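So the structure is just underneath, and the comments pick up after that.
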Amino acid sequence: MSGDVNPFESLQEQIDDAAAHMDVGDDVIERLKNPERVLETNLSVELDDGSVGVFRAYRSQFNGDRGPYKGGIRYHPDVSRDEVKALSGWMVYKCAVVDIPYGGGKGGIVIDPREYSEAELERITRAFATELRPLIGEDRDVPAPDVNTGQREMNWIKDTYETLENTTAPGVITGKAIDSGGSAGRVEATGRSTMLTARETFDYFGKDLYSASVAVQGYGNAGSVAAKLLEADHGANIVAVSDSSGAIYNPNGLDAQKTKEYKNETGSVTGYLGAKEELTNEELLTLDVDLLVPAALENAIDGELAADVDADVIVEAANGPLTPEADDVLTERDVTVIPDILTNAGGVTVSYFEWVQNRQRFYWTESRVNEELERHIVEAFDGLVECYEAYDVPNFRTAAYVVALKRVLNASEEAGRWP
């Protein structure tokens with residue numbers, strides 16, 4: 001695993017790789033490789049013991065050519081300026097790949113939320129929301145949950161914004177609880193798009209997901225939902241899963257739902273009685289499986305580890321789990337990789353549905369949400385395949401960026417130049 005690879009440099013390299021297959025000037029591409037603005041702020045918050053904690057926080061607005069900036073807020077000790085820049089850029093091209101009218105943004109606070117009480121986290125979140133207030137809005141920038149954030153934090157941000165603005169604006173943020181204007185189907189959306197992408201990929205190559213062996217690295221929301229749906233809907237065999245505590249393995253299959261329930265009860269997957277043995281995360285990533293789902297953080301697989309990867313297909317549920325060097329190695333080895341900007345786009349797609357519902361004050365059933373999500377992901381996959389077959393590109397990631405860059409460039413050209 002490579003933690004020293006700069007994710008922002010990885011994003012820029014991915015854009016350059018796609019631009020090499022397009023007739024577009026370097027000056028134009030340079031604009032699309034860098035954010036339009038980045039907020040960096042320090043939050044001073046009183047803690048429960050009366051002391052004052054200072055927390056660095058960021059919000060990157062990468063590109064707004066296709067619509068309001070859109071992207072999550074994460075709470076993690078490793079949050080950095082370059083990380084949020086990279087993640088906001090990936091959001092631009094993710095939204096473009098699935099053709100929803102958003103740009104890209106991302107934010108985060110440098111914090112380990114496990115070390116703070118709920119009351120402290122609420123004060124920290126509201127302090128950040130106050131700093132974000134001039135930047136966000138239903139037609140400006142629409143944040144969402146990400147690593148270590150969820151409905152609770154989104155509800156706090158919504159309430160802070162509405163209180164300060166003296167208005168009602170549920171569309172200022174997505175990923176909210178249902179009673180606060182959230183959408184049915186949002187919690188499962190990223191895992192569902194991962195399942196749909198895997199299904200379409202296996203269909204494209206004439207393979208069957210039934211009894212296919214699957215390893216899932218990262219058993220949080222996206223990974224666990226993807227595993228559950230792959231098992232329940234398609235009969236896949238989930239042989240290994242992992243979290244920060246380690247990995248568990250059973251060649252005969254793990255029960256995806258029971259494993260998740262065990263993790264919810266104990267805080268980790270290790271120790272689950274349905275496992276035959278425990279592995280490291282790196283050992284899971286190199287298992288001989290039909291499908292590998294990296295669903296944790298970026299840079300999980302670097303060039304060195306990629307040489308030992310033994311999966312036939314990889315679908316990226318996490319953002320940036322492969323370094324560019326890993327991409328090169330896996331392309332040379334003919335391992336199929338379906339990129340994050342399609343695989344995990346279910347989250348932002350259903351966030352878009354939530355935003356639409358908020359703006360209309362008219363809410364959809366979960367079945368409608370899931371039907372619309374499936375349509376978007378299938379159409380996006382078909383567009384990816386069409387580009388992959390039409391252009392002389394080395395892999396599906398480059399094809400995805402060609403599709404996305406074309407859409408962003410078209411929007412930019414149609415708008416003209418100001419001033």
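Bin width 5 Å, origin at 0, all Cα-Cα pairs of segment 196-347: what percent of pairs per bin?
2, 11, 22, 25, 21, 14, 5, 1, 0
For residue 33, which lysines qualify as cross-link partners when the Cα separation must be under 20 Å and same-chain residues fewer than eight apart are set aside?
70, 85, 94, 106, 406
Can you list, largest first and rounded to whole Å, the semi-axes you get for segment 280-419 by taking the square root of 5 times each eigenvalue of its Cα gyration tensor?
Values: eigenvalues 185, 88, 39 Å².
Over the Cα atoms of segment 280-419, the ellipsoid semi-axes are 30, 21, 14 Å.
Remind me, what semi-axes does segment 1-136 give for its equivalent ellipsoid, largest first in whole Å, using sqrt of 5 times each Cα gyration tensor eigenvalue?
One finds semi-axes of 32, 16, 11 Å for segment 1-136.
Please pull out the direction-averaged projected area of segment 283-332, using the convex hull of its alpha-carbon atoms, in nm² to one decimal place. Walk me through the numbers on the way to the answer.
Details: hull surface 11.7 nm².
For segment 283-332, the mean projected area of the Cα convex hull comes to 2.9 nm².
Based on a Kirkwood Rh over C-alpha pairs, give the Stokes-Einstein translational diffusion coefficient of segment 363-410 at 10 °C and viscosity 1.306 mPa s in µm²/s. The partial results should precede the final answer.
Details: Rh = 12.0 Å.
After rounding, the answer is 133 µm²/s.
List the lysines whose alpha-carbon lies under 17 Å from that of residue 276, not counting same-chain residues fewer than 8 positions away?
Straight-line reach from residue 276, under 17 Å: 258, 260, 263.
If the viscosity is 0.692 mPa s and the temperature 37 °C, what Stokes-Einstein diffusion coefficient in µm²/s follows for segment 309-369 when Rh is the Kirkwood radius over Cα pairs? Don't skip to the end; give the middle numbers.
On the way: Rh = 13.8 Å.
Calculated translational D: 238 µm²/s.
Give the Rg/Rh ratio for segment 121-274, taking Rg as the radius of gyration of the Cα atoms and Rh as the Kirkwood radius, to two decimals. Intermediate values should be presented prior to the final figure.
Values: Rg = 18.9 Å, Rh = 17.4 Å.
Result: Rg/Rh = 1.08.
Restricting to the chain, compute how many DSSP beta bridges are antiparallel as a %, nearest 5. Walk me through the numbers on the way to the answer.
Values: 24 of 48 bridges.
Roughly 50 percent of the beta bridges in the chain run antiparallel, per DSSP.
What percentage of all Cα-Cα pairs in segment 146-198 are separated by more than 14 Å? Please list the in-between numbers first.
Values: 772 of 1378 pairs.
Above the 14 Å cut-off, segment 146-198 has 56 percent of its Cα pairs.
Please state, rounded to one decimal and in Å, the Kirkwood hydrodynamic radius that the chain gives when every pair of distinct Cα atoms enters the mean of 1/r.
Working: mean 1/r = 0.0464 Å⁻¹.
About 21.5 Å for the chain.
Report the longest stretch of the chain that contains none of the trypsin sites (Lys or Arg not before Pro) sitting in a DSSP loop with at most 12 other Cβ atoms within 10 Å.
Numbers: sites that count: 276, 333, 361, 417.
No qualifying site falls inside 1-275, the longest such stretch.
What is the mean projected area of the alpha carbon convex hull for segment 259-362, to one decimal in square nanometres?
Values: hull surface 35.4 nm².
Across all orientations, segment 259-362 yields a mean hull projection of 8.9 nm².
If you add up the charges near residue 369, with Lys and Arg at +1 and Asp and Glu at -1, over every other residue whose beta carbon is less than 12 angstrom from its beta carbon, what do you get? It would help to have the intermediate numbers written out before the result.
Numbers: positive: 186, 192, 368, 375; negative: 188, 354, 366, 371, 372, 374.
For residues surrounding residue 369, the net value is -2.
Normalised by the residues of segment 96-171, what does the relative contact order come to in percent, with Cα pairs under 8 Å and at least six apart? Display every interim value, and only then the final one.
Numbers: 37 pairs, mean separation 22.9, N = 76.
30 percent.
Counting only protein heavy atoms, what percent of the accessible surface of segment 4-130 is carbon or sulfur at a 1.4 Å probe? Provide the component values of the computation, followed by the final result.
Working: 2020 of 4890 Å².
Heavy-atom surface of segment 4-130 belonging to carbon and sulfur, 1.4 Å probe: 41 percent.
How big is the gap, in Å, between the Cα center of segment 74-105 and the Cα center of segment 306-369?
12 Å
For segment 103-168, what does the alpha-carbon gyration tensor say about shape, rounded, prolate or oblate, given a ≥ b ≥ c as the root eigenvalues, a/c under 1.5 as rounded, and a/b over b/c as prolate?
Working: a/c = 2.08, a/b = 1.38, b/c = 1.50.
Here segment 103-168 falls in the oblate category.
Quick one: with all protein chains in place, what share of the accessible area of segment 351-412 is carbon or sulfur, to the nearest percent (1.4 Å probe)? Let's see the in-between values first.
On the way: 1290 of 2830 Å².
Carbon and sulfur atoms account for 46 percent of the accessible area of segment 351-412.
In square angstrom, what is the accessible area per residue of the chain with a 1.4 angstrom probe?
Numbers: 16750 Å² over 419 residues.
On a per-residue basis, 40 Å².
The values are calculated or read from the model by the stated rules, or taken from the named source; none is laboratory data. These numbers were taken from a predicted model, which means no experiment stands behind them. Every residue, glycine among them, receives a Cβ derived from its backbone with ideal geometry; neighbour counts consider all protein chains shown. Note: accessible area is taken over every heavy atom of the protein model, side chains too, but ligands, DNA and RNA are not part of it. Shrake-Rupley method; radii C 1.70, N 1.55, O 1.52, S 1.80 Å.
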